[in-house]
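Trainee: Before we start, here is the structure in question, set down as structure tokens.
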Amino acid sequence: MTDTTFTTCLWFDTEAEAAAHYYTGIFKNSALGKVTRYTEAGPGEPGSVVTAEFQLNGQRFVGLNGGPHFTFSEAISFQIPCADQAEVDYYWDRLTEGGAESDCGWLKDRYGLSWQVIPTALIDMITDPDPEKAARATRAMLTMHKIDIAALRRAYDGA
């Protein structure tokens, strides 16, 4: 039977192998895969990397060195559900190193790829059936870069 799972292809200029090592160094449940290199047939420099395969938390990726023609944008992002503040801090600190913070739990890593570092408690609070609680949590989230679960909880509780 043919494998029907999806593999996300990430287009890099020349950094696919470095990115694969970077991401697998951050995510605990990860693995490096096959690296393919150009041969004398080209079109790239013989021996240089064409693709680098890797897995993060069971999701398959392939980094493709396709040149500078395309770059990442916020139109595509990856969500990281986090159980607690320690997990939020872990991913936020590592992924923003060399990258940039944005609003509401979003960031760009050193390669320009967008991530959402989202505590599961946030989703519970902003979808609460009590519209006042949900609104307070949403307003608090809108003021944050990295999500602060304790501050969200205080807003949610009306403190």
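The values are calculated or read from the model by the stated rules, or taken from the named source; none is laboratory data. Note that the structure is predicted; figures quoted are calculated from it, not measured. For neighbour counting, all protein chains shown are included, and Cβ atoms are generated from backbone atoms with ideal geometry for every residue, glycine included. Accessible surface is based on the protein model in full, side chains and every heavy atom, while ligands, DNA and RNA are left aside. Shrake-Rupley method; radii C 1.70, N 1.55, O 1.52, S 1.80 Å.
Trainee: Name every residue in region 25-45 that is modelled with pLDDT of 95 or more and more than 26 Å from D93 (Cα to Cα), in order of residue number.
Mentor: If the condition is that a residue be modelled with pLDDT of 95 or more and more than 26 Å from D93 (Cα to Cα), then K34, V35, T36, R37 are the ones that fit.
Trainee: Report yes if L95 is touching a Leu at 6+ places or on another chain (Cβ under 6 Å), under 22 Å from A18 (Cα atoms) and of a type in the set (A, V, I, L, M, F, W, C), otherwise no.
Mentor: Yes.
Trainee: Can you spot a residue in region 87-96 that is at pLDDT 95 or above, crowded, with 16+ Cβ neighbours inside 10 Å and more than 17 Å from the chain's Cα centre (by Cα)?
Mentor: No, the conditions are met nowhere in region 87-96.
Trainee: A further question follows. What about A41, is it within 13 Å of V62 (Cβ to Cβ) and either touching a residue at least 12 places away in the same chain (Cβ under 8 Å) or open to solvent by 60 Å² or more (accessible area, probe 1.4 Å) (or both)? Please lay out each step first, then the result.
Mentor: Numbers: within 13 Å of V62 (Cβ to Cβ): no; either touching a residue at least 12 places away in the same chain (Cβ under 8 Å) or open to solvent by 60 Å² or more (accessible area, probe 1.4 Å) (or both): yes.
Criteria not met by A41.
Trainee: Could you check region 127-143 and list, in sequence order, the residues that are touching a Phe, Trp or Tyr at 6+ places or on another chain (Cβ under 9 Å) and either open to solvent by 70 Å² or more (accessible area, probe 1.4 Å) or in a helix (DSSP H, G or I) (or both)?
Mentor: K133, A134, R136, A137, A140
Trainee: Take the conditions touching an Asp or Glu at 6+ places or on another chain (Cβ under 6 Å) and of a type in the set (G, A, S) and apply them to S48. Does it pass?
Mentor: In short, no.
Trainee: Out of everything in region 144-159 that is out of contact with any Pro (no Cβ under 6 Å at 6 or more places or on another chain) and not in a loop (DSSP other than H, G, I, E, B), what residue ends up being nearest to C104 (Cα to Cα)?
Mentor: L152
Trainee: Right, next: Take the conditions open to solvent by 60 Å² or more (accessible area, probe 1.4 Å) and not in a loop (DSSP other than H, G, I, E, B) and apply them to L10. Does it pass?
Mentor: Answer is no for this residue.
Trainee: Among the listed residues A83, A151, A52, A121, identify the single one that is small (G, A, S), at pLDDT 95 or above and open to solvent by 50 Å² or more (accessible area, probe 1.4 Å).
Mentor: Result: A83 is the single residue among A83, A151, A52, A121 that is small (G, A, S), at pLDDT 95 or above and open to solvent by 50 Å² or more (accessible area, probe 1.4 Å).
Trainee: Hey, can you tell me all the residues within region 50-59 that are closer than 13 Å to L10 by Cβ and over 13 Å from the mean Cα position of the chain (by Cα)?
Mentor: T51, A52, E53, F54
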